[in-house]
1. Of all residues in the range 95-136 being touching a helix residue (DSSP H, G or I) at 6+ places or on another chain (Cβ under 7 Å) and in a strand (DSSP E or B), which is farthest from residue 35 (Cα to Cα)?
2. Condition check: outside the structural domain of residue 95 (by TED's automatic domain parsing), surrounded by fewer than 19 Cβ atoms within 10 Å (Cβ to Cβ) and not in a strand (DSSP E or B). Does residue 162 satisfy that?
3. Need at least 2 residues that are outside the structural domain of residue 94 (by TED's automatic domain parsing), over 26 Å from residue 92 (Cα atoms) and in contact with a strand residue (DSSP E or B) (Cβ under 9 Å, 6 or more places away or on another chain) per element, so show me which helices (runs of 4 or more DSSP H) inside the range 186-262 make the cut, counting only ones lying wholly within it.
4. Residues in the range 260-273: is at least one on the phi < 0 side of the Ramachandran plot, modelled with pLDDT of 90 or more, buried (at least 17 other Cβ atoms within 10 Å of the Cβ) and more than 22 Å from the chain's Cα centre (by Cα)?
5. Which condition number does residue 86 fail, the rest of (1) surrounded by 17 or more Cβ atoms within 10 Å (Cβ to Cβ); (2) touching a helix residue (DSSP H, G or I) at 6+ places or on another chain (Cβ under 6 Å); (3) farther than 25 Å from residue 25 by Cα; (4) modelled with pLDDT of 95 or more being met?
6. Here are the criteria: (1) outside any loop (DSSP other than H, G, I, E, B); (2) crowded, with 19+ Cβ neighbours inside 10 Å. Tell me which single one residue 344 does not satisfy.
7. Yes or no: residue 49 surrounded by 10 or more Cβ atoms within 10 Å (Cβ to Cβ) and under 21 Å from residue 216 (Cα atoms)?
8. Among the numbered criteria (1) in contact with a helix residue (DSSP H, G or I) (Cβ under 8 Å, 6 or more places away or on another chain); (2) closer than 18 Å to residue 132 by Cβ; (3) in a loop (DSSP other than H, G, I, E, B), which single criterion is violated by residue 30?
């Protein structure tokens, strides 16, 4: 059934609210993304600044099989050829904000920008996939699109490119959200949810075609055999084992608000159970560099994926959180049980255990 259409679930305002980043963290992410050395203009020169390990990871992203004994200059040569070939193909699947920034470099291929004026979201995917290189140049960052890639920017109908990129960005947001909610879902369910809320009617086959491309430029999910799979799953066998458990369970039907919520996290951070756990954890000191929100997200992942309690205690130890006695341990266990009962479980197709008890869902 189609809901009354009131505009896309994900629009630019929604994305901006989600992607707001702490200025200090933003600067740290940008500096970590910088290539070593001075700016270069040739793709091979930019790639050559990086380690063999970095180049091997990049080759994996482009499905490029490079034997470990391959000399670095040969790795660079093969990668440069593959990136040049794939850049125009993947352009419409990059985030709109990345495209906006690329277009600012379209003439010369290079732009110097004050460190306070650049956001990581401007370069996130393009930098990560070797289409744009960022250099730390004193009080500014210098962004470079290698000369070999510049002609591809001139060959696109700009209006069509942005229209397609905006649609792909929304499709990707649904894929992230629904894989967070369900763990694994098929393209039929994706199309069902999309067509409830969005103006553009899409078929399952079209979903598969688009996600096969979108899954190439992000890490939150993978796509295989008409399934959208959370990156939590590492192997095909894990997916097969999971599907056996859920084959007779109907999918939970999320609201528009929940779709936005689960785009940001695999749990609802506004729920009373989540807030109670956060309040409890806030009273403890964590290891230097560890963040409370990250710990909470990982604890919630344990609930959602239904790992055993040992996984929770391993997490607490990893983050340096120590209980002072049995009373604190008991309180944590009670809060964890409450959080688990209110979590939308992957093995329940997004339903909560309490809903299953109330509705007598048959597994």
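1. So, considering only residues that are touching a helix residue (DSSP H, G or I) at 6+ places or on another chain (Cβ under 7 Å) and in a strand (DSSP E or B), the one farthest from residue 35 (Cα to Cα) is 111.
2. The answer is yes for residue 162.
3. 236-246
4. yes
5. Going through (1) surrounded by 17 or more Cβ atoms within 10 Å (Cβ to Cβ); (2) touching a helix residue (DSSP H, G or I) at 6+ places or on another chain (Cβ under 6 Å); (3) farther than 25 Å from residue 25 by Cα; (4) modelled with pLDDT of 95 or more one by one, residue 86 breaks only (2).
6. Only one criterion in (1) outside any loop (DSSP other than H, G, I, E, B); (2) crowded, with 19+ Cβ neighbours inside 10 Å is unmet by residue 344, namely (1).
7. On the way: surrounded by 10 or more Cβ atoms within 10 Å (Cβ to Cβ): yes; under 21 Å from residue 216 (Cα atoms): no.
Against the criterion (surrounded by 10 or more Cβ atoms within 10 Å (Cβ to Cβ) and under 21 Å from residue 216 (Cα atoms)), residue 49 does not qualify.
8. (3)
The values are calculated or read from the model by the stated rules, or taken from the named source; none is laboratory data. Since the structure is predicted, the reported quantities are computational estimates derived from the model, not experimental observations. Quick reminder, even Gly has a Cβ in these numbers, built from the backbone with ideal geometry, and neighbours come from all protein chains shown.
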